[in-house]
Amino acid sequence: MNKLVLLSFLLVFASCTGSKSQKEGDEKKEVKETETPPFESGEGLSSKKEQISQNTGEMVRFEDGTFFMGSETGLPNEKPVHEVKIESFYMDKSPVTVKQFRAFVEATGFKTEAEKFGDSGIFNLEKQTWELLPGANWSKPFGPSGPDAEDNHPATHVSWNDAAAYVEWAGKRLPTEAEWEYAARSGKNSGEKFSWGNEVSVNGQFFGNTWQGEINAPDTKDGYLFTSPVGAFGENEAGLTDMGGNVWQWCADTYKPYPGNTEPYRSDPNVKVIRGGSFFFDQNGENSFSVSGRSMNSHETSLFNTGFRCAKNPDSE
């Protein structure tokens, strides 16, 4: 299968089916199904806002806890809701920025897969189609004739393999899918749909960089057609930014169904979890950037709406 066909397949598969799922045996989690998650209380979990700062970004500490992962009212691949045990970890406050990624490249001479392949995936709004744009990469997200990537925006056109190289250099790691959702929920068993609450906007104020309008008629009510500066829409209760919208974020996990989900799916170790939705149109709408929304892409794929953030273990400080 050539690269463009693979790209098109994965994009359609990721954004249109909403019926596949999660993760190879994560050592840090114990899973059991539950029929009635106690989301109403919002009690019982600890995050918290102890923060550490390094040259690779500020981090927020989350303490040990147990939470109910998934949703019974979201897409089929978010089911069943199941209890997950989390061990203490740190999560980057924001996605890795262009400036931070540049520091990595300058220190190591690293070449991303987009640079090696010579192209990367964007959606051409004029042609209304996905395409592999020659010369598109993390520093030139719209190709050589387009503007430079802005320092305070999330790094994009970064594959899972590229992200894995960055986190190793930074002395960190990619978050597990369970850690990502736990952090998006601010370490609480809350029934809120999004990391910031239940509404996409209130009185014209948007809480995330997400798509408004149709795919062929964008309506940038939130102020951004493409990426926005990290943190432009504020923090969730735990102190994290961009936990819904802006860019999809790579997780460590291979994508496969949750325990107890009977949707047919053949696990492929080269297909990895992405979380958080993005600025771009998604056929799953609000479900794409909910706290429980989940999708996937192949480990070598790089796109104009996909980035990442880092995690680390407390014992690696």
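Karplus-based coupling profile of region 138-146, in residue order and whole Hz: 4, 8, 10, x, 10, x, x, 8, x, with θ = phi - 60° in 6.51 cos²θ - 1.76 cosθ + 1.60 and x standing for Gly or Pro.
Database remark: amide H of TRP130 closer than 5 angstrom to the amide H of ASN124 (H placed geometrically; neighbours at sequence offset of 5 or more, or on other chains; Pro and chain starts carry no H).
Listed peptides 121-129, 70-78 appear in the order 70-78, 121-129 once ranked by packing, highest mean of other Cβ atoms within 10 Å at the front.
Taking amide H as placed 1.01 Å from N in the peptide plane, the amide H of GLY57 sits under 5 Å from none that are at least 5 places away or on another chain.
Computed 3J(HN,Hα) for region 182-195, one whole-Hz value per residue from the Karplus formula 6.51 cos²θ - 1.76 cosθ + 1.60 where θ = phi - 60°, is 4, 5, 4, 7, 6, x, 9, 7, 10, x, 5, 6, 10, 4, glycine and proline marked x.
Fewest-first ordering of THR306, THR108, THR241 by other beta carbons within 10 Å of each residue's beta carbon gives THR108, THR241, THR306.
Note on LYS93, LYS140: ascending count of other Cβ atoms within 10 Å places them as LYS140, LYS93, the fewest first.
Amide H to amide H, with H built 1.01 Å from N, PHE194 comes under 5 Å of VAL291, counting only residues 5 or more places away or on other chains.
What the Kirkwood sum gives for region 263-317 is a hydrodynamic radius of 13.3 Å, with every pair of different alpha carbons counted. Karplus-derived 3J(HN,Hα) values for region 208-214, using 6.51 cos²θ - 1.76 cosθ + 1.60 with θ = phi - 60°, are x, 7, 10, 7, 10, x, 8 Hz; glycine and proline are entered as x.
Values in this text are rule-based calculations from the coordinates and carry no lab data. All values derive from a computational prediction rather than experimental measurement. Cβ coordinates were reconstructed from backbone atoms using ideal geometry, including for glycine residues, and neighbour counts include every protein chain displayed.
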